[in-house]
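Shown next, in structure tokens, is the structure this report addresses.
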């Protein structure tokens, strides 16, 4: 799994899955094309947090995250470095969680993977010191359940698009 190459050790690991039967190429295209306009829950939470939430913005264009691994048709890994416990996330542009080690930060990676029957996403976080670990744990007590809602929303939107791509409107929303 590419995610394990990017962030093999972690303080937090959360995985969400849904069953999905669709051709791999359709699922992969849906992953690439899903927009925030299709994720009502995620878009609302992004707005509340002050993060970019334009409905035509691709979900893979997460602010401050970059593509770190790609096995087309199987797995895509995104990652970033920041201070999610701060209001704007304190993201370090261009920082790679595979190599960044400055104290006071969280190394974050997430994947989206499809095996032909299950669509899954896993999120991993590794903090660079004990203080940031404590701050992240407090943050996660509040935000963890909302993160789960965002990931579930994302999986459902991809599945809708993969099963009925012709139903996707040009504005990126699924009826």
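The values are calculated or read from the model by the stated rules, or taken from the named source; none is laboratory data. Only a predicted model underlies this, so the values are computations on that prediction, with no experimental measurement involved. Quick reminder, even Gly has a Cβ in these numbers, built from the backbone with ideal geometry, and neighbours come from all protein chains shown.
Points to keep in mind about this one:
- Answer from 80, 69 - the residue that is surrounded by 19 or more Cβ atoms within 10 Å (Cβ to Cβ), farther than 17 Å from residue 150 by Cα, within 14 Å of the chain's Cα centre (by Cα) and at pLDDT 90 or above: 80
- Where residue 3 falls short, out of the listed (1) within 16 Å of the chain's Cα centre (by Cα); (2) exposed (fewer than 14 other Cβ atoms within 10 Å of the Cβ); (3) modelled with pLDDT of 95 or more: (2)
- Filtered by the rule that a residue be in contact with a strand residue (DSSP E or B) (Cβ under 8 Å, 6 or more places away or on another chain), touching a residue at least 60 places away in the same chain (Cβ under 8 Å), closer than 16 Å to residue 58 by Cβ and in a helix (DSSP H, G or I), the stretch 15-35 gives 27, 28, 31, 33.
- Filtering the stretch 89-103 to residues that are touching a residue at least 24 places away in the same chain (Cβ under 8 Å) and closer than 20 Å to residue 60 by Cβ leaves 89, 91, 92, 93, 94, 96, 97, 98.
- Residue check for residue 106: without any contact (Cβ under 8 Å) to a residue 24 or more places away in the chain, crowded, with 18+ Cβ neighbours inside 10 Å and either at positive phi or in contact with a strand residue (DSSP E or B) (Cβ under 9 Å, 6 or more places away or on another chain) (or both): no
- Cβ-Cβ contacts under 6 Å between residues 6 or more apart (or on different chains), taken from a first residue in the stretch 41-63 that is closer than 15 Å to residue 153 by Cα to a second residue that is in a loop (DSSP other than H, G, I, E, B), are listed as 43/53; 46/53; 59/34.
- Candidates 63, 25, 38: the one that is under 18 Å from residue 119 (Cβ atoms) and either surrounded by fewer than 18 Cβ atoms within 10 Å (Cβ to Cβ) or within 14 Å of the chain's Cα centre (by Cα) (or both) is 25.
- Inside the stretch 84-97, residues that are farther than 17 Å from residue 52 by Cα and out of contact with any helix residue (DSSP H, G or I) (no Cβ under 6 Å at 6 or more places or on another chain) make up a count of 4.
- Checked across the stretch 37-52, the condition of being closer than 30 Å to residue 164 by Cα, modelled with pLDDT of 95 or more and either part of a loop (DSSP other than H, G, I, E, B) or out of contact with any strand residue (DSSP E or B) (no Cβ under 7 Å at 6 or more places or on another chain) (or both) holds for no residue.
- Flag for residue 16 being within 12 Å of the chain's Cα centre (by Cα) and surrounded by fewer than 16 Cβ atoms within 10 Å (Cβ to Cβ): no
- Those residues of the stretch 99-112 which are closer than 27 Å to residue 30 by Cα and in contact with a helix residue (DSSP H, G or I) (Cβ under 8 Å, 6 or more places away or on another chain), in sequence order: 109, 110, 111, 112
- Residue match in the stretch 116-136 (condition: within 21 Å of residue 73 (Cα to Cα), touching a residue at least 12 places away in the same chain (Cβ under 8 Å), surrounded by fewer than 17 Cβ atoms within 10 Å (Cβ to Cβ) and in contact with a helix residue (DSSP H, G or I) (Cβ under 7 Å, 6 or more places away or on another chain)): yes
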